[in-house]
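Contents: one structure, followed by commentary.
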């Protein structure tokens with residue numbers, strides 16, 4: 001039986017990225033789910049076709065987004081792909097700053113990396129991101145009010161960022177007492 005603490009690291013401990021099993025498995029699950037669902041949408045829906053799942057609330061679409069979130073920066077797919085590569089390198093390089101010594105930190109980083117990779121693949125392969133989940137409401141006057149379409153990769157990114165915010169919020173700012181303890185343990189670190 002596996003030791004549940006085997007994947008845990010202590011703060012400040014550096015582990016090679018490809019040994020970060022929890023991060024890698026989470027990223028792989030998000031990436032595979034994202035790419036499979038996008039392929040299903042490509043095969044099932046033409047560009048303008050929609051599939052209503054819950055009338056007046058949820059439909060599947062096949063929208064091609066050449067921009068970023070909420071269709072900002074339209075027509076910038078390749079520059080956004082380059083930015084995604086930079087973000088991935090930074091996340092991997094500086095991951096120890098993101099609470100990766102805790103399982104929830106590893107989960108958050110895996111969600112982010114899987115989501116970024118999923119949209120990066122679309123940007124390189126198609127020069128756009130495939131968005132397909134669309135929530136909407138029908139107003140009393142019959143017009144539609146909707147939330148921008150999104151995909152599994154977007155969900156991974158948003159949930160990953162949300163978890164990192166929660167971790168940072170729960171940790172709170174460092175206290176003077178914690179700083180004093182650290183200085184006592186490591187006298188070379190005095191200011």
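Against the condition within 20 Å of residue 162 (Cβ to Cβ), assigned to a helix (DSSP H, G or I), free of Cβ contacts under 8 Å to residues at least 60 places away in the same chain and in contact with a helix residue (DSSP H, G or I) (Cβ under 7 Å, 6 or more places away or on another chain), how does residue 31 come out, does it pass? No; evaluated as a whole, the condition is false for this residue. Within the set 136, 126, 147, the sole residue that is surrounded by fewer than 21 Cβ atoms within 10 Å (Cβ to Cβ) and free of Cβ contacts under 8 Å to residues at least 24 places away in the same chain turns out to be 147. Only one of the listed residues (91, 112, 78, 24) is surrounded by fewer than 18 Cβ atoms within 10 Å (Cβ to Cβ), modelled with pLDDT of 90 or more and either in contact with a strand residue (DSSP E or B) (Cβ under 6 Å, 6 or more places away or on another chain) or assigned to a helix (DSSP H, G or I) (or both). That residue is 24.
The values are calculated or read from the model by the stated rules, or taken from the named source; none is laboratory data. This one's a predicted model, so the numbers in the text were calculated from it and none came from an experiment. For neighbour counting, all protein chains shown are included, and Cβ atoms are generated from backbone atoms with ideal geometry for every residue, glycine included.
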